[in-house]
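Asks: Dropping a structure here in structure tokens format, bear with me for questions.
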Amino acid sequence: MKLNKEEFKEAIRARLKRHYGKDLEEANKHDIYDAVSTVVMDHVQTNWMATRKMYGKNQVKQMYYMSAEFLMGRAMSNNLVNFGIKEGVTEVLKELNFDYTSIEDEEPDAGLGNGGLGRLAACFLDSLATLDYPGHGYGIRYQYGMFEQHIENGYQVEYPDNWLKHRDPWEIKRSDLAVKVLFGGTAVAETGEDGNLRYKVIGAEEITAVPYDVPVVGFDTPSVNRLRLWEAISENGFDLQLFNDMQYMRAVERQNNAENISRVLYPNDSGPSGKTLRLKQQYFFTSASLQDLVAKFKRDHGTDFSKFPDYNVIQLNDTHPVVAIPEMMRLLMDENDMGWEEAWDVVTRTFAYTNHTILAEALEKWPIDIFEGLLPRIYQIVEEINRRFMTELREKFPGNWEKQNRMSIIGDGMIRMAWLAIVACFSVNGVAALHTEILKTVELVDWVEIYPEKFNNKTNGVTQRRWLLCANPKLAEFITNKIGPGWEKDLVQLRKLEKFADDPKVLDEFMEIKHQNKVALAAYLKETQNVIIDPDSIFDVQIKRLHEYKRQLMNILHIMYMYNRILEDPSYDPVPRTFIFGAKAASGYRRAKSIIKLINTVADRVNNDHRVKDRIKIVFAENYRVSLAEKLFPASDVSEQISTAGKEASGTGNMKFMMNGAVTIGTMDGANVEIVEEVGAENAFIFGLTADEIQKIDAAHSYNPQEYLEKNPKLAAVLNQLVDGTYNSGALSLFRELYDSLVFGVEGQRPDVYYILADFDSYVEAQEKLAKAYSDKRAWAKMAFLNVAASGKFSSDRTIEDYVSGIWHLKKIVVEP
Ligand SMILES: *Cc1c(COP(=O)(O)O)cnc(C)c1O
């Protein structure tokens, strides 16, 4: 798009007058944010309509990414960059006496996700639009997204994320496309005019699903795809009878209950929720989305649903949307007169499933009574899917009851959503090579045996538009200066940087950019949290959800270990380091919250101990989210990717770090394995047990953490400080629980479930190697630089191309502007 500055200014003035009755002098920063976004949205609309027409005209196959989470972050800067008018708009604002960054900071994050899984969905949408593929998102318009985290007295405190407090200029409400979703009631059979048996649900609660469309703007292309998010409203929930009886509160209460469905995102990442409302959310948005797709199919192609998979492919992001499978059966059979076999044929050619985790607690299961009460007809269909599947299994494995029970979709009073997905989907993929390998050889071996053709790997990726071009404009410009443009849509071109890896001038320039980013982050943290950090120290960063398997606890124990050594050993003079943490803990995850308190308690002690002479600084960056991540990755020297091997399915934070020139210290887990493959083991710091080794120890039940405490008295001393009053802050019992979990095991768990003590020595060793490497400035610069050059594989563009060729089989549709 070409920007006409005077027209743009005039449009902003008109918008301010029309919407706020203000002129430029009276407008505040938020007014300006809203006006700029609205004016840009006008231009987006033109391309959006053209894209839709183009897809319609060509009657192409389209992909729908169903996900309970889309962690989009902010839209304005991304859309301006993808549109190619960010610089122009920055100049316009300057001429109007507004600073672009301060306007940008007015936009709340669309935090409609927990972490990696939701952010992956957002990166995928960006790549689909940029690569001109017809691929769209379907999800929930949560009124409250991921909670806002404050740290108070060292503890995490959660506040509601009221991101829609002002209107969202990037969404369009489509009341005309509302559909009804039913809950509860009774499934009854009736004989149709054709003599066939049909089911309908009577006495159900009726919820209205209203879609809001958000444009997904491709980079340097007119393509604009769609993210459609559903809001729950209740039309008959406002009980007029109750109202007339002057029971106003009760009348409204019913409405509130119905509308609670899209009220709030569950803040659990890879953990159990097990709540009825969560199942309601899942059925709500998948049913609405499928009704939307079925209606569109009928408009475009009539009622021959055998052709449905020629025009539609649906990717299920984890098990959260898997209830779509029986819902599609219901729509085809009960509402479109199809028989079971025909409907099943359509379903099994339409759906594909992505597995995101092997953590047992994250495999979704719903108690039958809850499921059946909420979705009586859907439950019947799940039972029938399972009955037919079990018949097949009995023929394949006669007499092998154990296997049959293991694989039954319904068992132990629960519905196993992952099993339902594997049976019905034509593709099941893991998200990194190691993860897929573990799925195939351990977690899902039974399934690979009967459906070998379904299993495949799609290593995750991240979009370089947001994570490099937008977040780190200085590095982006540097790259373009060295290798020319083109990498923005073809990231493997970064390999062309390698020829500069020994050019001292280029490396100096590269490190100067890192330094400027560190200065900017330091200024931001001073302003927002009033902490002072030294941009000349190593910025060693661990930012991700707080989870035991991610081992933030090992990181802070190592810092305590360094601190002790500084106090005890006068000859020990480590390279100054700033350890930065950012992490939200699920509100009900007590141990994760204790770890946050521990990090803050240690920070308080170490940061204020003059004997440390600022060789260690610890910062807990509050409220980690996409917009904060955009400030942290560009300023990082060290990327902490230290999960217990075999537990992190992929990780995507690791990729954002690499792209921005941080060096990984990590285990051979998830996509770290592939990062090392790309950059070379000499350009990363790898430590710890491998997934294989851990599997063997697990199988032999031979782990004894006590052994490691005896071998390393300094580690034992660090652990003792958790309980001996060293970090006395009224939180001793919290730290006692952490201590017990490592040393004795609590609540029936064995001690140190995540092998922190087993990996500790090798972590310390890797840290020391890293510190030494950092002292050689030139060698470090080269290493960081080579990480950027080798990061091409981790573009979500590559991931999307893999999905397109292996699963979706879409054609590129180039939109005429
Ligand atoms: C990328 C990202 C994540 C995922 O980080 P991992 O280290 O892969 O767990 C989580 N949250 C935000 C805000 C992100 O941008």
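FYI, it's all coordinate maths here, none of it is from the lab. Just so it is clear, the structure is predicted and the values come from calculations on it, not from any experiment. Don't worry about glycine lacking a Cβ; one is built from the backbone with ideal geometry, like all the others, and counts go over all protein chains shown.
Asks: Could you rank the peptides 719-725, 431-437 by their average count of other C-beta atoms within 10 Å per residue, with the highest value first?
Replies: Working: 719-725: 16.7, 431-437: 23.1.
Going from most to least packed, we get 431-437, 719-725.
Asks: Working only with C-alpha atoms, what are the Rg and Dmax values of the range 669-769, expressed in angstrom?
Replies: Just the Cα atoms of the range 669-769 yield Rg and Dmax of 16.0, 47 Å.
Asks: In angstroms, what radius of gyration and Dmax does the range 340-405 have, counting Cα atoms only?
Replies: Computed over the Cα atoms of the range 340-405, radius of gyration and Dmax are 14.6, 36 Å.
Asks: What nm distance separates the two modelled labels at S762 and I532, each placed 7 Å from Cα along Cα→Cβ?
Replies: Between S762 and I532, the simple spin-label model gives 4.1 nm.
Asks: Label the range 17-72 by shape, choosing from rounded, prolate and oblate, from the square roots a ≥ b ≥ c of the eigenvalues of the Cα gyration tensor; if a/c is under 1.5 it is rounded, and otherwise prolate applies when a/b is larger than b/c, oblate when it is not. If you can, show how the numbers build up before the last one.
Replies: Details: a/c = 5.31, a/b = 2.02, b/c = 2.64.
Oblate, since a/c reaches 1.5 and b/c is not below a/b.
Asks: Binned at 20 Å from 0, what are the whole-percent values of the Cα-Cα distance distribution for the chain, short to long?
Replies: With 20 Å bins starting at 0, P(r) equals 15, 47, 33, 5, 0.
Asks: Just need the Rg to Rh number for the range 1-122, please, alpha carbons only, Kirkwood Rh. Intermediate results must be reported in sequence, preceding the final value.
Replies: On the way: Rg = 16.8 Å, Rh = 16.2 Å.
Taking Rg over the Kirkwood Rh, I get 1.03.
Asks: Farthest toward the dipole's positive end in the range 603-735, which of G688, A716, G666, given Cβ charges of +1 (Lys, Arg) and -1 (Asp, Glu) about the Cα centre?
Replies: Working it through, the farthest residue towards the positive pole turns out to be A716.
Asks: Starting from the amide H of S427, placed 1.01 Å from N in the peptide plane, find each other amide H under 5 Å away whose residue is 5 or more places distant or on another chain.
Replies: Y353
Asks: Go through 617-625, 47-55 and give me the packing order, highest mean Cβ count within 10 Å leading. It would help to have the intermediate numbers written out before the result.
Replies: Numbers: 617-625: 21.7, 47-55: 17.7.
Highest to lowest by the protection proxy: 617-625, 47-55.
Asks: Sticking with this one: Rounded to the nearest 500 deg cm²/dmol, what is the calculated helix-only ellipticity per residue at 222 nm for the chain, with -39500 (n - 2.57) per DSSP H run of length n ≥ 4?
Replies: Working: 32 runs with 380 residues, N = 817.
After summing the helix terms and dividing by residue count, I get -14500 deg cm²/dmol.
Asks: Debye calculation, C-alpha points only, no solvent: report log10 I(q)/I(0) for the range 1-48 at q = 0.13, 0.18, 0.21 Å⁻¹, in the same order as the q values.
Replies: These q points yield log10 I(q)/I(0) values of -0.28, -0.52, -0.69.
Asks: Sticking with this structure for a sec: Quick one: order I85, I694 by neighbouring beta-carbon count within 10 Å, fewest to most.
Replies: Working: I85 18, I694 22.
The order, fewest Cβ neighbours first, is I85, I694.
Asks: May I ask you to work out the translational diffusion coefficient for the range 404-473 at 25 °C, viscosity 0.890 mPa s, via Stokes-Einstein with Rh from the Kirkwood sum over Cα pairs, reported in whole µm²/s? All intermediate terms of the calculation are to be shown ahead of the outcome.
Replies: Working: Rh = 14.1 Å.
So the translational diffusion coefficient is about 174 µm²/s.
Asks: Return the Rg/Rh value of the range 575-646, two decimal places, where both radii are evaluated on C-alpha atoms and Rh is the Kirkwood radius.
Replies: Working: Rg = 13.7 Å, Rh = 13.9 Å.
Looking at the range 575-646, the ratio lands at 0.99.
Asks: Quick one: putting +1 on the C-beta of Lys and Arg, -1 on the C-beta of Asp and Glu, what dipole do you get for the chain around its Cα centre, in Debye to the nearest 20?
Replies: Details: 97 positive and 118 negative charges, 154 e Å.
With Lys and Arg at +1 and Asp and Glu at -1, about 740 debye.
Asks: Another question, if that's okay. Can you check what the net charge comes to around K454, using other residues whose Cβ is under 15 Å from the Cβ of K454 (Lys, Arg +1; Asp, Glu -1)? Could the numbers behind the result be given before it?
Replies: On the way: positive: R349, K440, K458; negative: E392, E443, D446, E449, E453.
My count for the surroundings of K454 gives -2.
Asks: Would you mind counting up the charge near E342? Only other residues with Cβ under 13 Å from its Cβ, with Lys and Arg at +1 and Asp and Glu at -1. Intermediate values should be presented prior to the final figure.
Replies: Values: positive: K307, R349; negative: D304, D337, E341, D345.
Net charge around E342: -2.
Asks: Across the range 256-341, what fraction of all alpha-carbon pairs, as a whole percent, falls in each successive 10 Å bin from zero upward?
Replies: 15, 43, 27, 15, 1
Asks: While we're looking at this one, here's another question. At 7 Å along the Cα-to-beta-carbon direction for both E512 and E710, put a label point, then send me their distance in nm to one decimal.
Replies: 5.8 nm
Asks: Report, to one decimal in Å, the Kirkwood hydrodynamic radius for the range 729-817 based on all distinct Cα pairs.
Replies: On the way: mean 1/r = 0.0533 Å⁻¹.
With all distinct Cα pairs of the range 729-817 included, I get 18.7 Å.
Asks: Write down, largest first, the equivalent ellipsoid semi-axes of the range 528-586 in whole Å, where each equals the square root of 5 times an eigenvalue of the alpha-carbon gyration tensor. Provide the component values of the computation, followed by the final result.
Replies: Details: eigenvalues 110, 56, 16 Å².
Semi-axis lengths for the range 528-586 are 23, 17, 9 Å.
Asks: Sticking with this structure for a sec: Can you tell me what percent of all Cα-Cα pairs in the range 641-693 are more than 14 Å apart?
Replies: The answer is 43 percent, as a whole percent.
Asks: A further question on this structure: What lysines sit close enough to K597 to cross-link, taking a C-alpha to C-alpha distance under 17 Å and skipping anything fewer than 8 places away on the same chain?
Replies: K544, K550, K584, K617
Asks: Among 602-615, 68-81, how do they line up by average Cβ neighbours within 10 Å per residue, starting with the highest?
Replies: Values: 602-615: 15.4, 68-81: 24.6.
Highest mean packing first, the order is 68-81, 602-615.
Asks: Take the alpha carbon atoms of the range 444-547, find their radius of gyration, then divide it by 2.2 N^0.38 Å using N residues; give the quotient.
Replies: On the way: Rg = 19.9 Å, N = 104, 2.2 N^0.38 = 12.8 Å.
Rg over 2.2 N^0.38 Å, computed on Cα atoms: 1.55.
Asks: So how strong a dipole does the range 292-389 carry about its Cα centre when Lys and Arg Cβ are +1 and Asp and Glu Cβ are -1, to the nearest 20 debye?
Replies: Values: 10 positive and 18 negative charges, 34 e Å.
That gives the range 292-389 a dipole magnitude of about 160 debye.
Asks: Normalised by the residues of the chain, what does the relative contact order come to in percent, with Cα pairs under 8 Å and at least six apart?
Replies: Working: 1447 pairs, mean separation 113.8, N = 817.
The normalised contact order for the chain reaches 14 percent.
Asks: Sticking with this one: If you restrict to DSSP beta bridges whose two residues both lie in the chain, what percentage is antiparallel, to the nearest 5?
Replies: 45 percent
Asks: Going toward the positive end of the dipole of the range 300-419, with +1 on Lys and Arg Cβ and -1 on Asp and Glu Cβ, which of Y311, P398, S408 do you reach last?
Replies: Of the listed residues, the answer is P398.
Asks: What distance in nm lies between label points placed 7 Å from Cα along the C-beta direction at I172 and E747?
Replies: Each label point lies 7 Å from its Cα, and together they span 4.8 nm.
Asks: For the range 686-706 and the range 594-657, compute the distance between their C-alpha centroids and round to whole Å.
Replies: So the two Cα centres are separated by 26 Å.
Asks: Okay, moving on. With a sphere of radius 10 Å drawn around the Cβ of N312, what net charge do the other residues whose Cβ falls strictly inside it have (Lys, Arg +1; Asp, Glu -1)?
Replies: After counting each charged neighbour, the total is +3.
Asks: Sort all Cα-Cα distances of the range 563-607 into consecutive 10 angstrom bins from zero, then give the percent of pairs in each bin up to the one containing the longest distance.
Replies: 21, 42, 25, 11, 1
Asks: For the range 65-162, would you read off the P(r) tail past 16 Å as a percentage of all alpha carbon pairs? Please list the in-between numbers first.
Replies: On the way: 3136 of 4753 pairs.
Of the Cα pairs, 66 percent sit more than 16 Å apart.
Asks: Using a Förster distance of 51 angstrom, determine the FRET efficiency expected from the C-beta separation of K29 and Y549, and round it to 0.05.
Replies: On the way: r = 41 Å, r/R0 = 0.80.
So, using R0 = 51 Å, E works out to roughly 0.80.
Asks: What FRET efficiency, computed as 1/(1 + (r/R0)^6) with R0 = 30 Å and r the Cβ-Cβ distance, is obtained for T391 and L277, rounded to the nearest 0.05? Before the final figure, lay out the partial values.
Replies: Details: r = 35 Å, r/R0 = 1.16.
That pair, T391 with L277, gives E of 0.30.
Asks: Using only alpha-carbon positions, what ratio does the radius of gyration of the range 315-473 give when scaled by 2.2 N^0.38 Å?
Replies: On the way: Rg = 17.4 Å, N = 159, 2.2 N^0.38 = 15.1 Å.
Taking the Cα Rg and dividing by 2.2 N^0.38 Å, one obtains 1.15.
Asks: Now for a different question. Any idea what log10 I(q)/I(0) is at q = 0.13, 0.16, 0.21, 0.34 Å⁻¹ for the range 671-715, Debye with uniform C-alpha scatterers and no solvent?
Replies: -0.49, -0.66, -0.83, -1.14
Asks: Here is a follow-up. For the range 564-695, what log10 I(q)/I(0) values come out of the Debye formula at q = 0.09, 0.12 1/Å, with one point per alpha carbon and no solvent?
Replies: -0.33, -0.59
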